[in-house]
Amino acid sequence: MISIQKFSPLSYTLRLQARHRDALVILVLWAMSLACALFRPLMPIDETRYVSVAWEMWHNHSFWLPLMNGEAYADKPPLLFWLIQSGWTLFGVNDWWPKSISPLASLIAMIHLYRIARRLGYAGSQARLAPMVLGAMLMWNLYAGALMFDVLLSACLLGAISPLIAGQFTSRKAIISGLWLGLALLAKGPAAFVTLAPILLSIPLWRASPLGGPGRRRLAFALVLGISMLLAWALSAAWLGGAAYAKDLLWGQSVDRLQHAMAHARPAWWYLPWLPLLTFPWSLWPAGWPRLPRQRHQRLAWIWLIAPLLVFSLISGKQIHYLMPLLPALALLVMDRLGQVAPDKPFRLRSAATAMMLLGVAALGLAGFGRAEVVGSMISPFGALVLLAFAAIVWRQRWRSSAQATRGLALGTAVATLITAQLVLAPLWSHYDIGAPSRLLARLEASGVPVAFNGDNYQATFQFAGRLERPLVTLSGNPADLCRFGQQSPTGWIVGRDRDLGPLIAQDGAAHVFDYRGGKLDIVPVTALSFSPRRPACDW
């Protein structure tokens, strides 16, 4: 007997509503990370450095060769700088476009991650959890609003991985994968292979069907295409930048950094304590804790997570944002586990609410009892109370199913992050906003006044914010250099930390003092400095 299933408009509507509801949650998560990015200043020294590199490239019409302080900049490849300049070409030079790049990259990464989950064989209702889980992760949410390279790199890597997952690896897929790989390499150089290489080498372990001879040849073509994109830029940039830049770019930024990364040298176990924070808030929900793989398609996420983590742990230089490309693998593991939870089981996720309450109480305590010049003046008591009130709302929530609990936990964490960034830490941003000192430096430059930065590690902090057209003179911080600059430029001004310049300022009221990175910044005429009795020859 053949049974005919009648079309049900109601069931179709419910499925459509679920799909749209999940898409709306993901869009809201992304919108909140975009808001966090737009409504705060670019932070010194990393974000201001990168936007200033793009500004110097733009001002000097040096599209191919990154520049910082008037010299070739070899620390990073150019993709982020190209994206910044592309937006300026379309919209004019502005502050909001550079802030939007990482959130846009985050959105692209979530789209790629959904496609990967679908190609692994997960149903659409479960696959939509993957970008939701990723967008709600605390560390991803924070870095999705930062003008840095890691979320951009992650989006490009996901684009390179997605065509490999299932089905025949056609020439079209090879071209798409190769182009995304090239963009990943142009985003952060050969470091992209720390994440990608284990995935490629383990294809027989996790792919449902073998690539076969033609597939392997197309994969080799994709690799050649991606590497060629990097080499096309790097070799020509090395020729343009000169011998020292070429050596630093082609050797120092890859081999030397892997072997002798002294700037952030940390022990091999350093990443392990960060893992619960990386997976927050899902680390507080046992239903989402990953399990070891039981089926072939589950192996990909584990290989993607464990092998690069081991490599990153063995590299001496460690920063938490280096692990951003591994968070999509964690999202896949959490998604897989949540799909095994009984759909009609009710949940109260009070552990997440407790974490929010603890953060609110800590913020309130620091605002009331912390040292005002260090902590108290950087935290809003009102914001802390709002966070506590929101935590109480989350505490009372009771979700009727695992799907509702997932959406609620994702949105609740994102809202708590937004409250923390925009209300609790609202006073903090003024201490890191370099707009006021940059405007003063712009006026000095327009008047033809020579300006020097007191310190040998000036990271072009004020160049973009002040739209400065000339790099600042960089001094070592030694009083002899200050003396020499004053003799050569008696009308010049000095920029430096108050802890360094403050003891040398002899004229009351001569210095312009600004909040700067938790301390104070002085901009002062060189004639207002005194070195007596150590260097009486410099008393003018």
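The values are calculated or read from the model by the stated rules, or taken from the named source; none is laboratory data. Quantities reported herein were computed from a predicted structural model and do not represent experimental measurements. For neighbour counting, all protein chains shown are included, and Cβ atoms are generated from backbone atoms with ideal geometry for every residue, glycine included. We work out accessible area using only protein heavy atoms, side chains counted, and drop any ligands, DNA or RNA first. Shrake-Rupley method; radii C 1.70, N 1.55, O 1.52, S 1.80 Å.
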How are the C-alpha pair distances of the chain spread across 10 Å bins, as whole percents from the shortest bin up? 3, 16, 24, 25, 18, 9, 4, 1, 0, 0, 0
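So between L27 and L211, what do we pick up on full extension, going 0.36 nm a residue minus the alpha carbon distance?
Working: separation 184, 0.36 × 184 = 66.24 nm, distance 3.50 nm.
Stretched out fully, the L27 to L211 stretch lengthens by 62.7 nm.
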In deg cm²/dmol, rounded to 500, what helix-only [θ] at 222 nm does the chain give when every DSSP H run of at least 4 residues adds -39500 (n - 2.57) and the total is split over its residues? -17500 deg cm²/dmol
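Translational diffusion coefficient of segment 414-463 at 4 °C, 1.567 mPa s, Stokes-Einstein with Kirkwood Rh over Cα pairs, in µm²/s as a whole number. Walk me through the numbers on the way to the answer.
On the way: Rh = 13.4 Å.
The calculation lands on 96 µm²/s.
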Counting only protein heavy atoms with a 1.4 Å probe and every protein chain in place, the carbon and sulfur fraction of the accessible surface of the chain in whole percent equals 64
State, to one decimal in nm, how far the label point of R291 lies from the label point of A197, with both points 7 Å from Cα in the Cβ direction. 3.4
At S351 and W96, where each label point lies 7 Å from the Cα along Cα→Cβ, what is the point-to-point distance in nanometres? 4.0
Label 7 Å along Cα→Cβ of A123; segment 329-355 residues with amide nitrogen under 17 Å? 335-345
Work out which helices of the chain, taken as complete DSSP H runs, extend at least 24 Å along their axis over the Cα atoms and score a mean Kyte-Doolittle of 0.0 or more, then list them. 9-38, 96-119, 171-188, 212-241, 350-369, 402-419
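Can you divide the C-alpha Rg of segment 287-344 by 2.2 N^0.38 Å and report the result to two decimal places?
On the way: Rg = 13.3 Å, N = 58, 2.2 N^0.38 = 10.3 Å.
Normalised Cα radius of gyration, segment 287-344: 1.29.
Of the listed peptides 92-98, 163-169, what is their order by residue-averaged count of other C-beta atoms within 10 Å, with the highest listed first?
On the way: 92-98: 14.9, 163-169: 18.9.
Answer by packing, highest mean first, reads 163-169, 92-98.
Antiparallel versus total DSSP beta bridges in the chain: what percent is that, nearest 5? Write down the numbers at each step before the final one.
Numbers: 15 of 21 bridges.
Here the antiparallel bridges make up roughly 70 percent for the chain.
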Taking only protein heavy atoms into account and a 1.4 Å probe, give the accessible area per residue of the chain in Å². 46
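With contacts defined as alpha carbon pairs under 8 Å and 6 or more residues apart, what's the relative contact order of the chain in percent? Mind showing how you got there, number by number?
On the way: 852 pairs, mean separation 82.6, N = 540.
Relative contact order of the chain: 15 percent.
I want to verify the translational diffusion coefficient of segment 61-133 in µm²/s; compute it with Stokes-Einstein, Rh as the Kirkwood radius over Cα pairs, at 10 °C and 1.306 mPa s.
Working: Rh = 14.8 Å.
Calculated translational D: 107 µm²/s.
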Test of understanding: what is the full-extension gain from R398 to R19, defined as 0.36 nm times their sequence separation minus their Cα-Cα distance? 134.2 nm
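Roughly what % of Cα-Cα distances in segment 391-540 sit above 19 Å, to the whole percent?
Working: 6827 of 11175 pairs.
It works out to 61 percent of all Cα pairs.
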For Q168 and A436, FRET efficiency with R0 = 60 Å and r from the beta-carbon atoms, rounded to 0.05? 0.55
For the cross-link pairs K188/K318; K99/K520; K318/K520; K76/K173, which exceed 19 Å when the distance is taken from alpha carbon to alpha carbon? K99/K520; K318/K520; K76/K173
How far apart, in nm, are the 7 Å Cα→Cβ label points at A268 and N478? 4.1
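Roughly speaking, what is the stretch gain from R470 to R299, that is 0.36 nm per residue apart minus the C-alpha to C-alpha distance, in nm to one decimal?
Numbers: separation 171, 0.36 × 171 = 61.56 nm, distance 5.30 nm.
The span from R470 to R299 would gain 56.3 nm if fully extended.
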